[in-house]
Amino acid sequence: MTAAAMPLHGLRVLDLATLFAGPLAATLLGDFGADVIKVEHPSRPDPSRTHGPAKDGIGLWWKLLGRNKRAVTLDLSAPGGRETLLRLAASSDVVIENFRPGTLEKWRLGWEELSTANPRLVLARVTGFGQFGPYAHRPGFGTLAEAMSGFAAVTGEPDAPPTLPPFGLADSIAALTTAYAVMTALAARAATGRGQVVDMAIIEPILTVLGPQPLWYDQLGYVQPRSGNRSRNNAPRNVYRTADGCWVAVSTSAQSVAERVMRLVGRPDLIHEPWFATGSGRADHADVLDEAVGGWIARRSRAEALAAFEKAEAAIAPVYDIRDVMDDPQYRALDTVTEVPDPELGVLRMQNVLFRLSETPGAIRWTGRPHGADTDAVLAELGLSPADITALRSQGAL
């Protein structure tokens, strides 16, 4: 698959964002052929370059988040930087930014100036709380969205504190939504010829993912409590420990699967209980069902439990850590974690593109590039001479 054959070839995206929703949205577009230009401050690069573990002083998270992006440096608050950004925007399709509302306007790089430079531009503004409202100017991170959306309140054991995820859940959900929003805006542009602003508040997509909780509260006054690994909608649904000290997860969202599980564990009598006929009825009797399923699994090794459930066409999965993921035959068959050459660290293994297209697949063309590695090349494409670039550097704009 050549770059020219990829579905988003010809689309130029300026990634002005940091940590993590905006940059990840740009990565998703780059994975399918968009020319993503990562714009970083000359002396304050994207913090993801130093987040988490590093090897030989090189941040590993950046290798994933910065893949398929060309890295340039530009101080947007400097006169030369502002003018150069407007020149880049004039030849781009999308700008993704996550500054606090009003910051681009302070630099005279807001929607008025950007759309004047390029009326077809799509500006995706990714912030914690959106562009307006009483919280708009607060600093916002995914952690705050995980707390404010209700996610933390329903996560954890009933008698334990609310639980936050140990990774960027809200940011990642917002990134997926931003990529979808950008493509929607580009589809509208194809019809109207005009760009527009995408206002993405990180507190919102995770609320949608949480399901019908607003409806339940609105219509019934129902507030979902923390229930650990159990579900309020069906049972048995939990993690269970095997005889060899491993853990497996069981789900019975479908009635037929719940019945198969009870036959497998030797409790077909429970199927005939009146409460067993509905998911909520089973959830109200989770103690009984967990005792039956958990006791059966506790007497078997993980391999034995998995094999028995598979034979019975019941839903079960091992609880993996990353070592198991890297060695799993299904993930290997899908090439979910793929090998990518990196000029600094050699061959790396990282998550592949999100989905497979039969005719125009995406690809990881390169890993995260060094800070500012492509500045001269990108500016030369704009028509700047070596002398122009040197002058911008002397002004502190690059």
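See the values below:
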item: Kirkwood hydrodynamic radius (C-alpha pairs) into Stokes-Einstein, the stretch 278-398, 20 °C and 1.002 mPa s, D in µm²/s; result: 105
item: Positive minus negative residues near residue 17 (Lys, Arg vs Asp, Glu; Cβ under 13 Å); result: -1
item: Å² of accessible area per residue within the chain, as computed with a 1.4 Å probe and no ligands counted; result: 50
item: Whether the stretch 114-266 is rounded, prolate or oblate, judged on the alpha carbon gyration tensor where a/c under 1.5 counts as rounded; result: prolate
item: Principal axis dimensions, the chain - Cα atoms, whole angstrom, descending; result: 83, 49, 40
item: Whole-number D in µm²/s for the stretch 243-324 (Stokes-Einstein; Kirkwood sum over Cα pairs; 37 °C, 0.692 mPa s); result: 250
item: Dipole magnitude of the chain about its Cα centre (Cβ charges: Lys, Arg +1; Asp, Glu -1), debye to nearest 20; result: 280
item: Cut-off under 5 Å, modelled amide H: who pairs with residue 124 long-range; result: 95, 96, 97, 198
item: Carbon and sulfur %, accessible surface of the chain computed with the full protein complex present, 1.4 Å; result: 56
item: Low-density loop positions, trypsin sites (Lys or Arg not before Pro), the stretch 123-222 - DSSP coil, at most 13 other Cβ in 10 Å; result: 194
item: In Hz, Karplus ³J(HN,Hα) per residue of the stretch 355-367 (6.51, -1.76, 1.60; θ = phi - 60°; x = Gly, Pro); result: 8, 9, 10, 6, 10, 10, x, x, 6, 8, 7, 7, 8
item: Derived scalar couplings ³J(HN,Hα) [the stretch 60-73; Karplus, 6.51 cos²θ - 1.76 cosθ + 1.60; whole Hz; x for Gly, Pro]; result: 7, 4, 4, 4, 7, 5, x, 5, 6, 10, 8, 9, 10, 10
item: Cα gyration tensor, the stretch 214-289 - rounded (a/c under 1.5), prolate or oblate; result: oblate
item: Diffusion constant of the stretch 215-255 at 37 °C, which comes from Stokes-Einstein with the Kirkwood Cα-pair radius and 0.692 mPa s, µm²/s; result: 268
item: Helical segments meeting 20 Å axial Cα length and Kyte-Doolittle -0.5 threshold in the chain (DSSP H); result: 169-192
item: Residues residue 387 and residue 243, FRET efficiency given R0 of 56 Å [Cβ-Cβ distance, rounded to 0.05]; result: 0.15
item: FRET efficiency estimate (nearest 0.05) - Cβ-Cβ, residue 394 to residue 335, R0 41 angstrom; result: 0.30
item: Candidate lysines for bridging to residue 69, where Cα separation is under 18 Å - those fewer than 8 sequence places away on the same chain excluded; result: 38
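The values are calculated or read from the model by the stated rules, or taken from the named source; none is laboratory data. Treat the numbers as computed from the prediction; the structure is a model and nothing was measured. With ideal geometry, Cβ positions are generated from the backbone for all residues, glycine too; neighbour counts draw on all protein chains shown. Ligands, DNA and RNA are excluded from the accessible area calculation, which covers all protein heavy atoms including side chains. Shrake-Rupley method; radii C 1.70, N 1.55, O 1.52, S 1.80 Å.
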